[in-house]
1. What dipole magnitude, in Debye to the nearest 20, does region B:3-118 give about its Cα centre under +1 on Lys/Arg Cβ and -1 on Asp/Glu Cβ?
2. Any chance you could check the Cα centroid distance between region A:688-717 and region A:45-95 for me, in angstrom?
3. Treating only the Cα positions of region A:37-80 as identical point scatterers, give the base-10 log of I(q)/I(0) from the Debye formula at each q in 0.13, 0.27, 0.32 Å⁻¹.
4. Quick one: dipole size for region A:571-717, taken about the Cα centre, charges +1 on Lys/Arg Cβ and -1 on Asp/Glu Cβ, in debye to the nearest 20.
5. In whole Å, how far is the Cα centre of region B:23-91 from that of region A:382-415?
6. Can you tell me how region A:547-615 classifies by the Cα gyration tensor, rounded, prolate or oblate, using a/c under 1.5 as the rounded cut?
7. Which of the three applies to region B:10-120, rounded, prolate or oblate, going by the alpha-carbon gyration tensor with a ≥ b ≥ c and a/c under 1.5 meaning rounded?
8. With a point put 7 Å past each Cα toward its Cβ, work out how far A:Ala379 is from A:Leu671 in nm, to one decimal.
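Derivation of every value follows stated rules applied to the coordinates shown; laboratory data play no part. Just so you know, these numbers come straight off a predicted model, no measurement behind them. Every residue, glycine as well, gets a Cβ built from its backbone with ideal geometry; the counts of neighbours run over all protein chains shown.
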Amino acid sequence: MGETYQEGAGADFDLSQFYQIFFEEAGENLDQMEHMLLDLDLEKADDEELNGIFRCAHSIKGGAATFGFSDVAELTHQMESLLDRLRRHELQPIPQMVDVLLESADASRSLLARHQAGAQDEAPSTASLVRRISELAAGMVPAQGASVEPPKPQSPPPPPPPPAMQAPSPVLAVAAPAPSGARRLEVRIGPLDRVEQAEAIKELFRDIPGLGTIGDLPCDDAQMRLFAVETSSTDSDLLDLFAFHVSKEQVRITAAAGSAGGAEDAQGDAEVAVVPPGEAYGFFSNAPGAPAPEAVAQAQALQAIEPASVVTRIVPKASAEAKAGSQAQMESTTIRVDVKKVDQLINLVGELVITQAMLAQNSLGLDSAEHQQLLAGLADLDRNTRDLQESVMSIRMIPMSIVFSRFPRMLRDLANKLGKKVEMVTLGEATELDKGLVEKITDPLTHLVRNSGDHGIELPAERLAKGKPEHGTITLSASHQGGSIVIEVKDDGRGLSREKILNKARERGMDVSDQMSDADVWQLIFAPGFSTAEVVTDVSGRGVGMDVVKRNIAALNGTVEVDSSEGYGTKVSVRLPLTLAIMDGMSVGVGEEVYILPLSSVVESFQVNAEDVNTVAQGSQLVKVRDEYMPVIALEKIFQVPRFDLDKSSTIMVVVEAEGNRVALLVDELLGQHQVVVKNLESNYRKVPNVSGATILGDGRVALILDIGGLVRRARH
Amino acid sequence: MQSILAVDDSPSMRKMVSFTLSGAGYHVVEAVDGQDALEKAQSHAIDLVLADQNMPRLDGIGLTRKLREDPKFKTIPILILTTESSDQMKQAGRAAGATGWLVKPFDPNRLIEVIKKVIR
């Protein structure tokens, strides 16, 4: 990586240490650009919006060029050129531009991902994107101004194109005829380690219409390449372009012999200091701080002398304008921290919580008069630990907007493909959720949103016929409700058809009746394999892979509910715990052991009567709860809990639900409900069947957290 | 030690510039855009300003203009980093009172070379 620019950088500087930060930054810029492009109102595009989009491309280009990712730099350079013309109002934005810019953003993303992964193989070509962008950038150019640059005050007004501008004889024209005002130049590239590098220069002329023509000239030096170029671009523009492939020092541009147009930049503007070709910086004459000719030598001499010490005054200053939402402000008030560090911190706080609980438990028997100070200290510790835990957990919390922001783009593409009109509304994007959960909820949500767009929203004509607005609306919302977050995907489409779902269920031999409540009917779409085209509509159906969605959400201790009204739309609500690191649990005792059940899966508990339990084949038992039979799982048998008190037998049952199925767990006692700090058993020990994790109780004992999904599956098969 | 105010909205460019200049023995104050730079310039002793041209809120040329209005910054060198070395940019830079410009991408050695020419 970074081979292109490192050569010139010298051995002292290893730019690769900045790659990671650049990748993150470029990713953010691409996200932001995409977001702004999607929000762009083509009819009356706001200057600030266009500038913002331009800046994103510009930043990526600058970084990519600096860190040597020339493919990304080249693509973003093209995007920038188009955006530059847009923000200067030289072009009117049209949908095709948004399309190609979005595609280019995607392409940049994948190129960056390749660099990040250190891929060595052939990169996917962006030539066609580059061509499309430059066509759009050039397509609406007024007849005589092919250059992206506005006309220069000093250069003569470009004459109408001469009928045929003959290139020097050995020239092999590879591009469109040079535009008006063309100059004939000789470009010498080298010395190069691999002369093929110069081929990329020729491709520039092929890819950028209006740049001009290029052809090979014979060259006697094996490390050099000589080209004849006809162009109306300035030398510095050419240098900027060439710099994507070769270093500027390796380029020499001279006027071709007998050419009328010279290398005009060498003359420059009278106001501006002369920049020799290939020079990448300059000073304004007589400008404040500009070096006098001899100052350069002086400055170098100064280096030998010990540098004068300058005392830095740091005056603390309250930020005058703490504008929330301002990108710049965010930059200066946030830090990037490795997730591992945060996790370690959370882990340590978890340990602290456990220690605190142990101390609290052990102090219960102490005399409060005798140990007043100790107990007061413990009470403080309790409060502080809880606050600390809360603050630390909040570090891992990220806003739902991270997930929501990907959907407008997805829906736009989907709607385009299906010929539908869909509008997306998002609510509560600021609602925060644990990072781990955000990552895991993204796929199921994507599925739900796609389902809504694909199967829920009708075609515009169909909507109009039903008296609905042509545009379908999909509303994504997130909100906190107690210790959970509720995410809703709502559409105003055709809704679920109760009749068709029931018919389909009967076909599949499922036990259904017409008396079932709507809620129960909607739950049927979560049955495994309940995903056929004719479920809901004649074209295709909701329910595609809904069982997978439900399983994934259940794995996060979450639940899914569907509400629908035929003809009016569907709402899918996903309820998730705020974090995976802490869980509301119900502790139950079996023999001497304590087990934790996730509270979200507990339905009810009751004292069982012997006559309600029936033993069926192979000793398995069923219990009748309000006319419903469900399998009984005796935890003592599953975990082979040793029993010292042989006379006692379990009489308490806890009904738990997972994946739409219920089982009754037979336990000895219900101990209580509390928050537990979840410890991953897999990473500390190994995977244990029927167990999803472990926690440490107040008295220091380890309690296993049961995997309800696993237990239910076990009982059902 | 001389202090350089490095102004760029891109964190990676800022880090790169800051790393390069610190390595060359300068104290570097970072600012995320022109507006931020104006505030930082007031609260730090600055010997040179190195500013990106294209930034949100206040760009490099705007920053130069504002700094030059303050007698304290009348004479310190201000260099503009730009990807476009067009005459138009140069004119604007000169009019605002910039000392010079440096074209991006540049390599770290080049940056130090240019800085050494103007810092005193």
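1. On the way: 15 positive and 15 negative charges, 66 e Å.
Computed charge dipole of region B:3-118: roughly 320 debye.
2. With region A:688-717 and region A:45-95 each reduced to a Cα centre, they are spaced 54 Å.
3. Here the Debye-derived log intensity ratios amount to -0.32, -0.84, -1.01.
4. Numbers: 15 positive and 18 negative charges, 128 e Å.
About 620 debye.
5. 36 Å
6. Working: a/c = 3.22, a/b = 1.57, b/c = 2.05.
Note, shape of region A:547-615 comes out oblate.
7. Working: a/c = 1.32, a/b = 1.10, b/c = 1.20.
It is rounded, given that a/c, with a ≥ b ≥ c, falls under 1.5.
8. So the label points at A:Ala379 and A:Leu671 sit 2.7 nm apart.
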